[in-house]
Every structure is written in structure tokens, then in C-alpha cells.
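The structure appears right after this line, and notes come after that.
None of the figures in this text is laboratory data; all of them are computed from the coordinates on show. The structure presented is a predicted model; accordingly, all values stated were derived computationally and were not measured. We place every Cβ from the backbone using ideal geometry, glycine too, and count neighbours over all the protein chains shown.
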Amino acid sequence: MTYSDALLRDVLTRAKRVAVVGVSMNPVRASYFVARYLGLRGFEVELVNPRHAGETLFGKPVRASLSEIEGGVDMVDIFRRSEAVPEIVQEALAAFPQLQTVWMQIGVEHAEAAAQAQARGVTVIQNRCPKIEYQRLFGELRMGGFATGVISSKL
């Protein structure tokens, strides 16, 4: 899938409250540090993982399902296998009438679930990471030879 930088920037700018589905309590797992990073960047992060329901991470409760989150979320970030996506998307669409974006992490794609969300007017991003895209688009990737496309030095 190809997404324009303008679309990705718009999604990341509009989203204020993000549900991270499949968050891990293990600090070396991508879902842990992506959720932490988003929180440090000012997103209100809601955490979902039935295995850790009732536990606390980053000072917030981990919930068993999306439907346990009170109020809406703007974006659902999915850290689950592709075959789990349809059920998550259905629950998200039912729980959050104002949902703006379904974001599937690197390696996660599901065409039918994406089409279902898009039919409801929800933007769908597949096989990408919001942390990486945020860093790239807002000039935070400066080490290791990454070309951000953002000019940060001034003459």
C-alpha cells in the first residue's frame, strides 16, 4: 500500500485519542514502546489487551476490549495478527461511531476489514507504524542515515 505523506500527516495531526490493541507489558515489544512514544507525543493512549486486563501500564488501566473504553477514540492502532483484524474492526466500528482511522501495524493487513471500515468513511492505513511515520514526517529521525525530508538546519 502506498500512502501520501499528506494523508499520513493529516491522520497523525487529527488523532488525539488512540486505542492500542494488543499492547504488551514487555518493554522490548514494539507495542509497548509505540504506545509509550505516542503518549509522550501528546496522544491520549488507551490500552487494550485481554491478557493484561485490569493491570496498569504508563499509569493507565489496560482494558480487555475496545468496548470497555468510555468515550470515543480517533484512531485504533492494531498490534495483532492479520486474521484477528476483522473482529477488531467490527468492534471498533460498533463502539466508536466517530472513529477516524484504523491503523494496522507493520506486517498487518486485511483487505476485507479495511473495505468495511472505509465503507463507513474511516481512513485505513495498513502495514505501517505510526511511531515511524510520526518521526519521519515531523523531523525526528535524524540518526542512522534516515532522510526525513524535513530541513532542520537554518542558515
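Between 26, 49, 127, find the one with the highest GNM mean-square fluctuation for the chain; connect C-alpha pairs within less than 10 Å.
Largest GNM mean-square fluctuation: 26.
Bin width 10 Å, origin at 0, all Cα-Cα pairs of the range 69-112: what percent of pairs per bin?
Calculated P(r), rounded to whole percents: 29, 56, 15.
Counting pairs of Cα atoms in the chain, how many percent are more than 29 Å apart?
15 percent
For the pair residue 111 and residue 68, what calculated FRET efficiency results from E = 1/(1 + (r/R0)^6), where r is the Cβ-Cβ distance and R0 = 22 Å, to the nearest 0.05?
With a Förster radius of 22 Å, E is 0.20.
Treat each spin label as a single point 7 Å out from the Cα along the C-beta direction, and report the residue 51 to residue 81 distance in nm.
In this crude spin-label approximation the distance works out to 1.2 nm.
Expressed in nm to one decimal, what extension gain is obtained for the pair residue 3 and residue 119 from 0.36 nm per residue of sequence separation less their Cα-Cα distance?
40.0 nm
Quote the relative contact order of the chain in percent (integer), defining contacts as alpha-carbon pairs under 8 Å separated by 6+ residues.
RCO, the chain: 19 percent.
More than 15 Å apart: what percent of Cα pairs in the range 20-69 qualify?
Tail of the P(r) past 15 Å holds 34 percent of the pairs.
Could you give the alpha-carbon Rg of the range 17-103 over 2.2 N^0.38 Å, rounded to two decimals?
Normalised Cα radius of gyration, the range 17-103: 0.98.
So, R0 is 25 Å and r is the distance between the beta-carbons of residue 138 and residue 91; what FRET efficiency does that work out to, to 0.05?
Using R0 = 25 Å, I get an efficiency of 0.25.
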